[in-house]
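Notes follow the structure.
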Amino acid sequence: MIPAAFDYHRAGSVEEALALLGRLGADAKLLAGGQSLLPLLKLRLGQASHLVDISRIPGLDYIKEEGGFLRIGAGTREVTLEQSELIRSKYPILVDTAAVIADPLVRNRATVGGNIAHGDPANDHPATMLAVGAEIVARGPKGERVIPIAQFFVDVFTTALAREEILTEVRIPVPPPGSGGAYLKLERKVGDFATAGAAVQVTLGQGGTLERVGIGLTNAGPVPVRATEAERFLTGKVPDEGAIAEAAKLAGQAADPAVDRRGSAEYKKDMARVLVARALRKAVRRAGGKS
Amino acid sequence: MAPKTTADVGGMGHSIRRKEDPRLIRGQGNFVDDITLPGMLYMDIVRTPYAHAKITAINSEEALKIPGVLAVITGADLAKYNLHWMPTLMSDTQMVLPTEKVMYQSQEVAAVIATSRYVAADGVEAVSVDYEPLPVIVDPFKALEPGAQVLRTDKKDKKDNHIFHWEAGDRAGTEKALKEAEVVVSQDLYLPRIHVASIETCGCIADFDKVRGKLTVYMTTQAPHAIRTVFALVAGHVGLSEERIRIVSPDIGGGFGGKVPVYPGYVIAVAASVLIGKPVKWIEDRMENLQADSFARDYHIKAELGAKKDGRMTALRIKTLADHGYADAAANPSKFPAGLFSICTGSYDMPHAFVEVDGAYTNKPPGGVAYRCSFRVTEAVHAIERMTDRLAQELKMDPAELRLKNFIPADKFPYHSALGWEYDSGNYQAALRKAMDKIGYQALRKEQVEKRKRGELMGIGISSFTEIVGAGPSKHFDILGIKMFDSAEIRIHPTGKATARFGTKSQGQGHETTYAQIVAEELGIPAKDVEVEEGDTDTAPYGLGTYASRSTPTAGAAGAMAARKIREKAKKIAAHLLEVSEEDLVWEPGKFSVKGAPQKSKTIQEITFAAYTNHPQGMEAGLEAVSYYDPPNLTFPFGSYICVVDIDRGTGEVKIRRFVAVDDCGNIINPMIVEGQIHGGLTMGMAPALLEEISYDEGGNMQGGSFMDYLVPTAVETPKWETDKTVTPSPHHPLGAKGVGESATVGAPPAIVNAVVDALAHLGVRHIDIPMTPEKVWRILKEKGVAE
Amino acid sequence: MARHQITVTVNGTEHSADVESRLLLVHLLREILGMTGTHIGCDTTHCGACTVLLDGEPTKSCTVLAVQADGREIMTVEGLERNGQLDPIQEGFWQEHGLQCGFCTPGMMMTAYALLQRTPHPSEDQIRQAISGNLCRCTGYVNIVKAIQSAAATRP
């Protein structure tokens, strides 16, 4: 319940945060919403002699469409995403996702950047970001770089971010007309991590066939899983029940979940299948197709 | 039945707002952790990761170097005062701190005393303990196998892990009846460990005043007097004496049985305060609470129900193995090591029955009746209500019809059950019929037929339970020898207001309101003018506390009896004031008047004032009374619950679509409060049925030891409970009232299980053990070929 | 380890304190400022008993550092009653028996207060979703929902 002692530093800018990270060394951790980090520290799991608070850096909290991308500042709180008119009307997959992260109180503090940077395959945004083909913008001492989401998640709690890099923005290419997405999460109760979670983003082309399919799975392995075989199978096909069922089956096979109190690997894989099928139907409906 | 008093008097039947709420809604409650005493120190506990291990060394040096850490207390320190072991409420023994070995994961090993909460936590991290692991036993069946490792090596001459054998009923007669039965259904049922997880954890502030030799302990306890006596007995040899021990149970954030046992933390805090001479506060974390405090259930039940082909039940036989952890620290009445489990013939007229329970030691925390269970009645009702549905399924009979056929008829009360209980009153048919009407039972059955044709899985489950509460008559009920009466002490002041003190201790049940309403009922003094006090052993009359739904049946009755004594004296004073004889007086709530001359009257307030200013010569002044009430019997609340579920064929999730609860707790003091108890109880009945479970792996490691995995339902998982009632008064209770706090926790789980099994019965499913997790249901769906 | 001088405004009153970096906001409120109305019910950020409003947003104060609240405005249960008048939320809980032991109640009411600020007439579903981060063991939530609905109906 009580964390071990640490030093707290507040950064007023990204530059200041980077300087602090450089000076304080490997034992420094970034603190944004703190809804993943502080619980760990309270249980005395994970070491941090220094916390660098980046939650008050101005200009990291924004949601806007610009230059062909939906750009979300890393410091954007989940509740802001959930309640944004722009997101609700044009990106319901993100509302689906934000609305099932932890509980409403946690969402008042938790940030989109934190949910992704923490590198926990059980967090909900990663699968969605995989499905929509997002890009991560990171800033470090050498400047800014863009990391495609497919390269971002490396291992459990390990991302492609360098130790002295800060995730400043996640951006999603604005989907073309005829697109739709959905995120479904099976959880034992509100506030739990996913027993299984499926993010699906589709674009329907002429003739009602799928031009693009992105499928991401939550808590289905050491990193968020992209169901590439299922995606390949579906591309170019009409999303009828038969195709959906087969794609869902392939997606389930792509899952490699850990066994825990949420379920056996067998159950979780099957739930990935069930959720992918349901999310596909919902995404297709939202894309304007019949299902 | 209309209330006898007006709304401003607020006697029985009125849903008056609670008197405890003004402070609680302002955040001005007085919970143990809210209390700070000058010079107070903080205690935190070092716990073992091993379920069974020898302690080879406890290294405190690093901890003692931390500024602010004052002491590290170990079993060796307590052993000097013979405080390292203590008796349990079932006359077993358990460790306060170990000197040789630990016997369950998270057991207390040492305690750090420090100047602040944060430093104490650092101290705990800095203590290092060396262990030699020992083989672990988590399976009670294995624990009882011949040649199994003996766990309680502290007990001289103990050669096995068997704790007790208890039985009731007619073994031979039941055996014969089962052999002769036209149909017999049998079933193994397991009710896993669960934990009350009240939102406030346990804790205390122990404050020993060296100069006065007085120990004050602010404690999260449901039974302050019993605790005081236990401390006096256990620590009398270190100078604690009962008249100089004060237990204060202030506002308690939920008890449900989890705050009845004496936890090692309390005793260590007391010892620390005595040794150091300063107040010591100990508040456990949630994980400590879940991992080390008393649990409930862990009953392995084997049940057999015999009947005639027409459905008339003829015999019930149950054999149970009770896993008690490493010590029997359950809080049962001492003659009932399996609690009131023998209520398991339930609401049915059962000619023959036999039940036996054996307790076994394992490497788990000790306990276990802490979860709103009325002393094992949840287990008993689960068994009989599941078996009744098993029988209905076997006979292809509607489960409502089967129940109606077997209910004890309303005119057969008091009813003597085959297992020795005298049920005071009941009308089971009326409750079930009311529930069926309210939920639209026949229409639901039709809907189920339609849905089944479309492959949709819908189920309807019934539970018609009989509860047994109000422990209890001194002939049979005691805890550690202290008889289970309860008490009330009422004093009316000159200005017509009252102070009423009781031996029970509310943890949210609303006694400050309901007891005031009892006084209002009996004396006509408005409930708002009655100040109710509980929980301070320096002032409250001796009582056994609040748990097992006993308060209204015992202390509530005592309140009525004390008030009646006061009324008798008030009558004498009224006669004196009105210059008539007592026989000429007529009572209505709040006043005595002269028969035939109603304008000649005296209000209770006038009489009270006169008790101090104008009492009859030869009579003592004042107006007060004490009653120690020894109930002549227990009370038997009952009800019928009907649950409708829909099963998601893809995920196995069970959704409760509707749940109707019809409860009967006799005459009702405050309908709003009773309804609140039912809502809460239903939620704590649903939780074990679908979500909550504590389990151990082979190494004795607990699964479900934090709120991450111990799934307490939120408002989203909890259905909209629908409640209703029937009223069948208790013939022996002074107010005709029965207890009710635990009825819903007892009755709900089998209703939900019965509904889920009903949804799958056409596929050949007969039984599912709780919790009915989505995966469990999914496996069944897959096996039966109906998964999405 | 460095200590920090912080200033927080609680229920409209400014307070300054010298705190360790690791001091949790809930302990600042309870132990340093002596406001014990906010309670602690768990150690894994699940139960919500510690909910306060941080700049108007209901927040689990056990999962915020006191230093993070520096310069911020906090509202606790002690701030609901104003000028001797109970807030409609408090009246609603009292009237509808929305509390039994009272331990989860402060946090529950703060969440409810914030809900009604944002959504003056929430549906039952919205209420249940909004309080899904606040655990109650006593009431089964039925009367909590009624309490919030009552408050919604009586708020000016």
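Pick out the one residue from B:Y710, B:Y696, B:Y641, B:Y628 that is under 26 Å from B:F477 (Cβ atoms), among the hydroxyl-bearing types (S, T, Y) and in contact (Cβ under 8 Å) with a residue 24 or more places away in the chain. Walk me through it before giving the result.
Values: B:Y710 fails: under 26 Å from B:F477 (Cβ atoms); B:Y696 fails: under 26 Å from B:F477 (Cβ atoms); B:Y641 fails: under 26 Å from B:F477 (Cβ atoms).
One residue alone meets the criteria, B:Y628.
Could you check region B:712-741 and list, in sequence order, the residues that are within 14 Å of chain C (Cβ to nearest Cβ), part of a loop (DSSP other than H, G, I, E, B) and charged (D, E, K, R)?
B:E717, B:K720
Of all residues in region A:97-111, which are within 15 Å of A:Y183 (Cβ to Cβ) and within 14 Å of chain C (Cβ to nearest Cβ)?
Selection gives A:A98, A:A99, A:V100, A:I101, A:A102, A:R107.
If we scan region A:241-251, do we find a residue that is within 12 Å of another protein chain (Cβ to nearest Cβ) and surrounded by 24 or more Cβ atoms within 10 Å (Cβ to Cβ)?
Yes, region A:241-251 contains a residue that is within 12 Å of another protein chain (Cβ to nearest Cβ) and surrounded by 24 or more Cβ atoms within 10 Å (Cβ to Cβ).
Having 2 or more residues that are facing chain B (nearest Cβ under 9 Å) and in contact (Cβ under 8 Å) with a residue 24 or more places away in the chain is the bar; report the helices (runs of 4 or more DSSP H) wholly within region C:60-134 that clear it.
Fully inside region C:60-134 and qualifying: C:88-95, C:105-118.
Given region A:97-205, what strands (runs of 3 or more DSSP E) lie entirely inside it while holding 2 or more residues that are modelled with pLDDT under 95?
Correct list: empty, since no element meets the threshold.
Kindly indicate the residue of region B:658-682 that is among the polar types (S, T, N, Q) and more than 17 Å from the chain's Cα centre (by Cα) and also farthest from the other protein chains (Cβ to nearest Cβ) among those meeting that condition.
Quick first cut of region B:658-682, residues among the polar types (S, T, N, Q) only: B:667, B:670, B:677.
Now drop any that are not more than 17 Å from the chain's Cα centre (by Cα), which leaves B:667, B:670.
On the way: B:N667: 19, B:N670: 9 Å.
Checking each candidate, the answer is B:N667.
Residues checked against (1) away from chain C (no Cβ under 14 Å); (2) in contact with a strand residue (DSSP E or B) (Cβ under 8 Å, 6 or more places away or on another chain); (3) part of a strand (DSSP E or B); (4) surrounded by fewer than 24 Cβ atoms within 10 Å (Cβ to Cβ):
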site	(1), (2), (3), (4)
B:Y190	yes, yes, yes, yes
B:L240	yes, yes, no, yes
B:K259	no, no, no, no
B:V274	yes, yes, no, yes
B:M287	no, no, no, yes
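Looking at A:G25, A:G114, A:G12, A:G73 in this structure, which one is away from every other protein chain (no Cβ under 12 Å) and within 30 Å of B:G123 (Cα to Cα)? If you could, list the steps in order and put the result at the bottom.
On the way: A:G114 fails: within 30 Å of B:G123 (Cα to Cα); A:G12 fails: within 30 Å of B:G123 (Cα to Cα); A:G73 fails: within 30 Å of B:G123 (Cα to Cα).
The match here is A:G25.
Just to be sure, is A:A17 under 24 Å from C:L23 (Cα atoms), buried (at least 21 other Cβ atoms within 10 Å of the Cβ) and more than 14 Å from chain C (Cβ to nearest Cβ)?
yes
Restricting to region A:65-93, and then to whatever is among the hydroxyl-bearing types (S, T, Y) and not in a loop (DSSP other than H, G, I, E, B), can you tell me which residue is farthest from C:L54 (Cα to Cα)?
Within region A:65-93, the subset among the hydroxyl-bearing types (S, T, Y) is A:76, A:80, A:84, A:89, A:91.
Add one more test, that the residue is not in a loop (DSSP other than H, G, I, E, B), and what stays is A:80, A:89.
Details: A:T80: 15, A:S89: 28 Å.
So the residue we want is A:S89.
Looking at A:N115, A:N108, which is the one that is more than 21 Å from A:P222 (Cβ to Cβ), of a type outside the set (S, T, Y) and either in contact (Cβ under 8 Å) with a residue 24 or more places away in the chain or touching a helix residue (DSSP H, G or I) at 6+ places or on another chain (Cβ under 7 Å) (or both)?
Just a single option satisfies the conditions, and that option is A:N108.
Yes/no per residue for (1) surrounded by fewer than 14 Cβ atoms within 10 Å (Cβ to Cβ); (2) touching an Asp or Glu at 6+ places or on another chain (Cβ under 6 Å); (3) part of a helix (DSSP H, G or I):
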{"site": "B:F141", "(1), (2), (3)": "yes, no, yes"}
{"site": "B:L151", "(1), (2), (3)": "no, no, no"}
{"site": "B:K156", "(1), (2), (3)": "yes, no, no"}
{"site": "B:I163", "(1), (2), (3)": "no, yes, no"}
{"site": "B:E167", "(1), (2), (3)": "no, yes, no"}
{"site": "B:Q187", "(1), (2), (3)": "no, no, no"}
{"site": "B:A197", "(1), (2), (3)": "no, no, no"}
{"site": "B:F208", "(1), (2), (3)": "no, no, no"}
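When both residues are 6+ apart or on different chains and their Cβ atoms are under 7 Å apart, which pairs have a first residue that lies in region A:184-204 and is basic (K, R), and a second that is part of a strand (DSSP E or B)?
The qualifying pairs are A:K185/A:G197; A:K185/A:T218.
Being within 14 Å of chain C (Cβ to nearest Cβ) and under 28 Å from B:C373 (Cα atoms) is the filter here, so list the residues in region B:201-220 that pass it.
B:T201, B:C202, B:G203, B:Y218, B:T220
For region B:605-613, indicate whether the set of residues that are touching a residue at least 24 places away in the same chain (Cβ under 8 Å), in contact with a Phe, Trp or Tyr (Cβ under 8 Å, 6 or more places away or on another chain) and part of a strand (DSSP E or B) is non-empty.
Within region B:605-613 (the criterion being touching a residue at least 24 places away in the same chain (Cβ under 8 Å), in contact with a Phe, Trp or Tyr (Cβ under 8 Å, 6 or more places away or on another chain) and part of a strand (DSSP E or B)), the answer is no, since none of the residues qualifies.
A:I93 fails exactly one of the following numbered conditions: (1) of a type in the set (A, V, I, L, M, F, W, C); (2) within 14 Å of chain C (Cβ to nearest Cβ); (3) within 13 Å of the chain's Cα centre (by Cα). What is the number of that condition?
The number of the failed condition is (2).
Could you run through region A:42-64 and say how many residues are in a loop (DSSP other than H, G, I, E, B), touching a strand residue (DSSP E or B) at 6+ places or on another chain (Cβ under 6 Å) and more than 14 Å from every other protein chain (Cβ to nearest Cβ)?
Initially, region A:42-64 is screened for residues in a loop (DSSP other than H, G, I, E, B), giving A:43-49, A:54-62.
Next, only the ones that are touching a strand residue (DSSP E or B) at 6+ places or on another chain (Cβ under 6 Å) stay: A:48, A:54, A:60-62.
Keeping just the survivors that are more than 14 Å from every other protein chain (Cβ to nearest Cβ) gives A:60, A:62.
Within region A:42-64, residues that are in a loop (DSSP other than H, G, I, E, B), touching a strand residue (DSSP E or B) at 6+ places or on another chain (Cβ under 6 Å) and more than 14 Å from every other protein chain (Cβ to nearest Cβ) number 2.
Any residue that is touching a strand residue (DSSP E or B) at 6+ places or on another chain (Cβ under 7 Å), basic (K, R) and buried (at least 24 other Cβ atoms within 10 Å of the Cβ) - is there at least one of those in region B:734-745?
Checked against the condition, which is being touching a strand residue (DSSP E or B) at 6+ places or on another chain (Cβ under 7 Å), basic (K, R) and buried (at least 24 other Cβ atoms within 10 Å of the Cβ), region B:734-745 yields at least one hit.
Among the residues that make up region B:220-229, is at least one of them assigned to a loop (DSSP other than H, G, I, E, B), surrounded by fewer than 24 Cβ atoms within 10 Å (Cβ to Cβ) and modelled with pLDDT of 95 or more?
For region B:220-229, residues assigned to a loop (DSSP other than H, G, I, E, B), surrounded by fewer than 24 Cβ atoms within 10 Å (Cβ to Cβ) and modelled with pLDDT of 95 or more: absent.
Does region A:234-253 include one or more residues that are assigned to a loop (DSSP other than H, G, I, E, B) and touching a residue at least 60 places away in the same chain (Cβ under 8 Å)?
no
Picking from B:A527, B:A516, B:A500, which residue would you name as being hydrophobic (A, V, I, L, M, F, W, C), touching a residue at least 24 places away in the same chain (Cβ under 8 Å) and within 15 Å of B:L735 (Cα to Cα)?
The match here is B:A516.
Just to be sure, is B:D709 in a strand (DSSP E or B) and on the phi < 0 side of the Ramachandran plot?
Details: in a strand (DSSP E or B): no; on the phi < 0 side of the Ramachandran plot: yes.
Here the answer is no, as B:D709 does not meet what is asked.
List every residue pair whose Cβ atoms sit under 9 Å apart, with the two residues 6 or more apart in sequence or on different chains, where the first one lies in region C:15-36 and is more than 14 Å from A:G34 (Cβ to Cβ) and away from chain A (no Cβ under 14 Å) and the second, anywhere, is surrounded by fewer than 22 Cβ atoms within 10 Å (Cβ to Cβ) and among the small types (G, A, S).
Taking only residues 6 or more apart or on different chains, the pairs are C:I32/C:A17; C:L33/C:A17.
Could you list all residues from region A:270-291 that are within 30 Å of B:I694 (Cα to Cα) and touching a residue at least 24 places away in the same chain (Cβ under 8 Å)?
To start, the set of residues in region A:270-291 that are within 30 Å of B:I694 (Cα to Cα) comprises A:270-275.
Residues satisfying the conditions are A:M271, A:A272, A:R273, A:V274, A:L275.
Based on this model, can you work out whether B:D758 counts as more than 24 Å from A:G191 (Cβ to Cβ), acidic (D, E) and crowded, with 22+ Cβ neighbours inside 10 Å?
Taking the combined requirement at face value, the residue satisfies it.
For C:H39, are the conditions met, namely being more than 10 Å from every other protein chain (Cβ to nearest Cβ) and at pLDDT 95 or above?
No.
Quick one: in region B:360-399, which of the residues that are aliphatic (A, V, I, L, M) and assigned to a loop (DSSP other than H, G, I, E, B) is nearest to B:A759 (Cα to Cα)?
If we take residues in region B:360-399 being aliphatic (A, V, I, L, M) and assigned to a loop (DSSP other than H, G, I, E, B), then B:M397 is nearest to B:A759 (Cα to Cα).
The values are calculated or read from the model by the stated rules, or taken from the named source; none is laboratory data. Computed from a predicted model, the values in this text were never measured in an experiment. Virtual Cβ from ideal backbone geometry, glycine too; neighbours counted across all protein chains shown.
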